[in-house]
Amino acid sequence: MKTRVLVTLSLFAAIGAVLHMVMPPFYNGMKPDMMLIMMFIGIMLFPSLKNVTLLSIVTGILSALTTNFPGGQIPNIIDKLITAFIFYGLFLLVKKHAQNIVVATVLVVIGTIVSGTIFLTSALIIVGLPGGAAFTALFLSVVLPATLFNGAATIIVLPIVQAIFKRSNFITA
């Protein structure tokens, strides 16, 4: 793994952690996971199994450290590990077109829904959310708005990152 790639992925994780910490809550203290966007961008720019593994572990740990969800530490780690590899698989399916902002945004939207579903399911099993009603309420009030927010943020952030990389002659996938 090249040092430049490692530093860049670390910066993406750190920026995601800061954005996650300053993001205002939507519903009962719950807020969208901004680290997802940065993790997804890191996967799109540096798509390799090593990078996805490292990025998912780091992002999962940072999410666990900054979560406001009661008992959400383990579900955050589980969620990031699984979501990163699902996103990576989806990315590989559309790799030719993934630099297109529309395709990238659709990937991020799908990835956010997958992440929210995995997080809430693992929280239901591990922490013990009170049944399916809580899952549905949290999905509708947190995951869906976060999905819309992450999609909009991707439309803004990804072209900026791509322009920076293009100007700096930084070689990506």
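You will find that of Ala163, Ala153, Ala98, Ala137, the residue that is under 21 Å from Ile82 (Cα atoms) and aliphatic (A, V, I, L, M) is Ala98 and no other. Selection of region 55-77 for residues being open to solvent by 60 Å² or more (accessible area, probe 1.4 Å) and among the aliphatic types (A, V, I, L, M) yields Ile57, Ile61, Leu65, Ile74, Ile77. Helices (runs of 4 or more DSSP H) fully within region 73-173 that include at least 3 residues being farther than 26 Å from Ser48 by Cα: 101-126, 131-138, 144-167.
The values are calculated or read from the model by the stated rules, or taken from the named source; none is laboratory data. Just so it is clear, the model here is predicted, and its values are computed rather than measured. Only protein heavy atoms, including side chains, enter the accessible area calculation; ligands, DNA and RNA are left aside. Shrake-Rupley method; radii C 1.70, N 1.55, O 1.52, S 1.80 Å.
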